[in-house]
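One structure is given here, and the rest of the page talks about it.
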Amino acid sequence: MNKRVVVTGGAGYIGSHTVVELVKAGYTPVILDDFSNSTKEVLSGLKAILGFEPALEEVDCSSRTELLQAFDRIAAEGTIDGIIHFAAFKAVGESTQRPLKYYANNIASTVHILEASETHNVSNLVFSSSCTVYGQPDTIPVDEEAPVKGAESPYGYTKQVCERIITDFVASGSPLKAALLRYFNPIGAHPSSHIGELPLGHPNNLVPYLTQAAAKLRDPLTVFGSDYPTPDGTCIRDYIHVMDLANAHVSALHWLSEQENACEAFNLGTGHGNSVLEVIQAFEQATGVPVPHNIGARRPGDITAIFAEASKARHELSWTCKYSLEDALRDAWNWQCTLID
Ligand code: UD1
């Protein structure tokens, strides 16, 4: 029988792409999602790619009762081999306006997942973390040993706290093993264009805004600041194709299954940084579509430059990135085109 993996937030952007990669690798995913930041159309997209709709429990992970009952139902069908915990709010700006929303949801959900893992003897947990835990790093590329700095936002603080909660739980003697995956900037979509990023409302992140601006669905893209101390004055990030990121979760599950005890953090990035202007240029080259844009003021809270030292994940998880920045931008555009149709 295939190994069963509970994927919280499995209808979300990174979660849905991970569900595809899990099935491809022979796992049986069970999605837990409350569709608070996704739509049910993702299920049709998954069906188009996989040929079937994955199992789904529609629950809010921050509700202890709902979550524990869902786990009881899933466990009644057989062993749960692992959990990948994506379900969380992730808008940095909103988290500064509504911090309690973020603390209540992101932290409570993680505690409940750990409780469920204990009740049902689940021994493998992959946690969706972020490079935001490094704050404004002292040196780049940033490796996993870099100090976790004072968080720049309530969202970032929830990732730091959840990493700590998981670390403390594993250290308490629990049989649980955990991989804390620190994502850099995931972009792109499944190459089939059946699933992709679906920001509800005004997109805050660069690539979803860029593709909507290129499609003339939005005003021109504003480049947030051109006076940073970088070669072209715009911020530098490590953009990673969402399929490469998804695949790293499968590698992390394999790695966990070979460990006796573990709670390790891994950077998931390409190891290369690109500026905002380079992303615009790469998009135009990859698609031939111009990106209307102008230069605006800096966005408060933005970090000048960050990219990953990603060799730990490469070596220990035996994982590498297969897609280029251009691939990711082309796939993001193809996905955007399906949304216009
Ligand atoms: C941040 C967090 C990341 C988190 C993500 C979730 C850091 C280093 N990164 O990513 O961990 O998961 O938010 O939302 O804290 N930009 C523009 N114009 C736009 C939008 C963005 O110029 O309209 C620029 C930004 O200034 C930035 C880059 O594009 O330099 C990427 O921005 P974005 O996609 O929002 O991601 P981060 O802020 O890097």
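The values are calculated or read from the model by the stated rules, or taken from the named source; none is laboratory data. Keep in mind the model is a prediction, meaning the values are calculated, not measured. Virtual Cβ from ideal backbone geometry, glycine too; neighbours counted across all protein chains shown. Areas reflect the complete protein model, heavy atoms only, side chains present, ligands, DNA and RNA absent. Shrake-Rupley method; radii C 1.70, N 1.55, O 1.52, S 1.80 Å.
Compute the length gained on full extension between residue 285 and residue 222: take 0.36 nm times their separation in residues and subtract their Cα-Cα distance, giving the result in nm to one decimal. Mind dumping the intermediate values first?
Working: separation 63, 0.36 × 63 = 22.68 nm, distance 1.94 nm.
Gain in length upon complete extension: 20.7 nm.
Per residue, the chain exposes 42 Å² of solvent-accessible protein surface, assessed with a 1.4 angstrom probe and all protein chains in place. Within the chain, DSSP assigns beta bridges of which about 5% are antiparallel (rounded to the nearest 5).
The orientation-averaged projected area of the convex hull spanned by the Cα atoms of the chain comes to 16.0 nm². In order along region 128-143, the Karplus-derived 3J(HN,Hα) couplings, from 6.51 cos²θ - 1.76 cosθ + 1.60 at θ = phi - 60°, round to 7, 10, 8, 5, 4, 4, 7, x, 7, x, 6, 9, 10, x, 9, 9 Hz, and Gly and Pro are given as x. The Cα atoms of region 71-153 give a gyration tensor whose axes a ≥ b ≥ c have a/c of 1.5 or more with a/b no greater than b/c, which makes the shape oblate.
For the pair residue 164 and residue 76, a Förster radius of 30 Å applied to the C-beta separation gives a FRET efficiency near 0.40, rounded to the nearest 0.05. Between region 69-85 and region 125-144, the C-alpha centres lie 30 angstrom from each other. With each label modelled as a point 7 angstrom along the Cα→C-beta vector, the residue 94-residue 1 pair spans 3.7 nm.
Give me the distance in nm between label points sitting 7 Å out from Cα along the Cα-to-Cβ direction at residue 324 and residue 63, one decimal. If labels sit at residue 324 and residue 63, their model points lie 4.8 nm apart.
Near residue 263, the amide H atoms lying under 5 Å from its own belong to 178; only residues 5 or more places off or on other chains count, and H is placed 1.01 Å from N. The listed residues 260, 57 rank as 260, 57 when sorted by accessible area, largest first, using a 1.4 Å probe.
Shape analysis of region 1-80 places it in the oblate category; the axes a ≥ b ≥ c from the Cα gyration tensor give an a/c of at least 1.5, with a/b not above b/c.
Using a Förster distance of 30 angstrom, determine the FRET efficiency expected from the C-beta separation of residue 48 and residue 215, and round it to 0.05.
On the way: r = 22 Å, r/R0 = 0.72.
With R0 = 30 Å, the Cβ-Cβ based efficiency is 0.85.
Here the Karplus curve 6.51 cos²θ - 1.76 cosθ + 1.60, taken at θ = phi - 60°, turns the phi angles of region 152-162 into couplings of 7, 7, x, 4, x, 5, 4, 5, 4, 5, 5 Hz, with x standing for Gly and Pro. For residue 55, the residues whose modelled amide H falls within less than 5 Å of its own, excluding neighbours fewer than 5 places apart on the same chain, are 31.
Determine the share of the chain's accessible area contributed by carbon and sulfur atoms, expressed in whole percent, with a 1.4 angstrom probe.
On the way: 7020 of 14430 Å².
Reported share for carbon and sulfur atoms: 49 percent.
Working note: Cα atoms of region 250-341, range along each principal axis, descending, whole Å: 52, 34, 20. Name the shape class, rounded, prolate or oblate, that the alpha-carbon gyration tensor gives for region 87-198, where a ≥ b ≥ c are the square roots of its eigenvalues, rounded holds for a/c under 1.5, and otherwise prolate holds if a/b is larger than b/c and oblate otherwise. Judged from the Cα gyration tensor, region 87-198 comes out rounded (a/c under 1.5).
Only protein heavy atoms count here; under a 1.4 Å probe, residue 299 has an accessible surface of about 90 Å². Figure legend: label point modelled 7 angstrom from the Cα of residue 35 along Cα→Cβ; residues of region 47-70 with amide N under 14 Å from it are 56-60. Sorted into 5 angstrom bins from 0, the C-alpha pair distances of region 14-134 split as 2, 10, 20, 23, 21, 15, 7, 2, 0 percent. Look at where the Cα atoms of region 161-210 and of region 11-46 average out, and the two centres are 13 Å apart.
Using 0.36 nm per residue, how much length does the chain from residue 340 to residue 119 gain when fully extended, once their Cα-Cα distance is taken away?
Working: separation 221, 0.36 × 221 = 79.56 nm, distance 4.54 nm.
In short, 75.0 nm is gained.
Roughly what % of Cα-Cα distances in region 179-239 sit above 15 Å, to the whole percent?
On the way: 1167 of 1830 pairs.
Here the long-distance tail beyond 15 Å is 64 percent of all Cα pairs in region 179-239.
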